Amino acid sequence: MQPRIDSKPRVLQLSTVHPWDDNRICRKICGSLAEDGYDVVLMAREAKSEACDPPEGVELHILPTPRNRIRRGLMSLGIWRRARRLRPDIVHFHDPELIPAGLFLRMLGYEVIYDVHEDYPEKMRTKKWIPVPIRRIIGFSIWLLENLGSRFFSRNLFVTPQIGRRFPRRNSELLRNYPRLTEVVPETLRPAAGGNLIYVGGLDVDRGTLEMIAGLEAATTPARRLELHGTTDDAVVNARLDAASSSGHLLCCGWSSRTVVKERLAKAVAGLVLLRPTTAYRESLPTKLFEYMGAGLPVIASDFPVWRRIIETHECGVLVDPSDTAAIAAAIDWMYQHPEQAHAMGENGRHAIQSKLNWESEAEVLRNTYGALA
């Protein structure tokens, strides 16, 4: 690696899977590093929403969208060439398929950080596009890659303590995905009453899309309405969405910009996060949960032990069995029928984000990691 002449460390944030406007990568990590004076380059796929701009001080390079997963895999293997042309001092990548490229860059002398957003080995075991007989093989292959790579990378960052159990302690840090304080919706923007339920994120089966629809249909409050801000490639889910939309209680918004999402959160009654109890999700800390809390929304959430500790400690929502349609319907009706109690729950959640569960408290981990490498 050729040494750089200037003294300001140049950082490359790299992903072949995530769109460049991914909130963790773009708004939190890139934004924080740019604010701290780093020369930040972001290389990732095209944004899902057109109405967005990168943070100030972030140089954007958009990768071509591959036609299929095979082409994406090939692009990932050769991405190190693109990375070298940008002359970074630190390469921070966000996808397990980039581990081979990350190892090669490490061999060439670059400081390399692997950022683990999810339990990828477990997630592969539930992917429908992977033939059932080889799901475990692919999951094990990713586990093996992570196990090998994590020992050689400069640092490993992970979003939950449960994921971190698989990584060596000497070079790994927990960097939770809490919202930035700038994303907290001011109380003055919250409506006095009324509004829609809201969900933000992918609409795949394991994310509870079918259960949200069933619970909405079983609820009895005439004014109930659910906004879905996301998409899916699942034909079964899309057919169910089309059928349910005719009732007038369901509004499918597609992918929305961060600005639009923030505006809709400010006007919502409650936020839904009803992930199914898969191994990958039971111990996850979904970003949307904290975004709802930061917006002053009470949450209707799956009753997982990790989530229960947060929601019960801060008294900020209602827990339900995500497979129980009647329980989901009852929670929806309760939010509409008890506006004062629901509002108090939302304010409890907002206070928890403002006082403790925010990105600013986590960013110190990022600063220390980069400070040690730079």
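The values are calculated or read from the model by the stated rules, or taken from the named source; none is laboratory data. Predicted model only: the values in this text are computed from it and were never measured. We place every Cβ from the backbone using ideal geometry, glycine too, and count neighbours over all the protein chains shown.
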### Query
For the subset of segment 25-59 comprising residues that are out of contact with any strand residue (DSSP E or B) (no Cβ under 8 Å at 6 or more places or on another chain) and touching a residue at least 40 places away in the same chain (Cβ under 8 Å), which member is nearest to Trp359 (Cα to Cα)?
Lys28
### Summary
Residue hits (segment 165-187; farther than 19 Å from Ser361 by Cα and either in a loop (DSSP other than H, G, I, E, B) or within 16 Å of the chain's Cα centre (by Cα) (or both)) are Arg165, Arg166, Phe167, Pro168, Pro186
### Message
Only one of Ile62, Ile99, Ile90, Ile70 is in contact with a strand residue (DSSP E or B) (Cβ under 6 Å, 6 or more places away or on another chain) and either surrounded by 15 or more Cβ atoms within 10 Å (Cβ to Cβ) or not basic (Lys, Arg) (or both). Can you tell me which?
### Response
Ile90
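Can we say Val132 is free of Cβ contacts under 8 Å to residues at least 24 places away in the same chain and among the β-branched types (Val, Ile, Thr)? Steps first, answer last, please.
On the way: free of Cβ contacts under 8 Å to residues at least 24 places away in the same chain: yes; among the β-branched types (Val, Ile, Thr): yes.
Yes.
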### Query
Take the residues of segment 101-120 that are in a helix (DSSP H, G or I) and touching a residue at least 40 places away in the same chain (Cβ under 8 Å): which is farthest from the chain's Cα centre (by Cα)?
Arg106
### Task
Sort out which residues of segment 337-356 are touching a helix residue (DSSP H, G or I) at 6+ places or on another chain (Cβ under 6 Å) and not polar (S, T, N, Q), and write them in order of number.
Ala342, Gly349, Ala352, Ile353
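Looking only at segment 122-164, filter to residues that are charged (D, E, K, R) and either under 22 Å from Asn177 (Cα atoms) or within 18 Å of the chain's Cα centre (by Cα) (or both); which one of those is modelled with the lowest pLDDT?
Our first condition is that a residue be charged (D, E, K, R); within segment 122-164, this holds for 122-123, 125, 127-128, 135-136, 146, 151, 155.
Remaining after also requiring either under 22 Å from Asn177 (Cα atoms) or within 18 Å of the chain's Cα centre (by Cα) (or both): 122-123, 127, 146, 155.
Details: Glu122: 88, Lys123: 85, Lys127: 80, Glu146: 95, Arg155: 97.
Applying the filter and picking the extreme gives Lys127.
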### Message
Given the condition small (Gly, Ala, Ser) and surrounded by 20 or more Cβ atoms within 10 Å (Cβ to Cβ), answer yes or no: does some residue in segment 354-361 qualify?
### Response
no
### Query
Consider Trp129 against the criteria (1) assigned to a strand (DSSP E or B); (2) among the aromatic types (Phe, Trp, Tyr); (3) surrounded by fewer than 17 Cβ atoms within 10 Å (Cβ to Cβ): it satisfies all of them except one. Which criterion is unmet?
(1)
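For every residue, the table says whether it meets (1) closer than 18 Å to Ile353 by Cβ; (2) of a type outside the set (Gly, Ala, Ser); (3) in contact with a strand residue (DSSP E or B) (Cβ under 7 Å, 6 or more places away or on another chain).
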{"residue": "Val261", "(1), (2), (3)": "yes, yes, yes"}
{"residue": "Ala268", "(1), (2), (3)": "yes, no, yes"}
{"residue": "Pro286", "(1), (2), (3)": "yes, yes, yes"}
{"residue": "Pro305", "(1), (2), (3)": "no, yes, no"}
{"residue": "Asp321", "(1), (2), (3)": "no, yes, no"}
{"residue": "Asp324", "(1), (2), (3)": "no, yes, no"}
{"residue": "Ala330", "(1), (2), (3)": "no, no, no"}
{"residue": "Pro339", "(1), (2), (3)": "no, yes, no"}
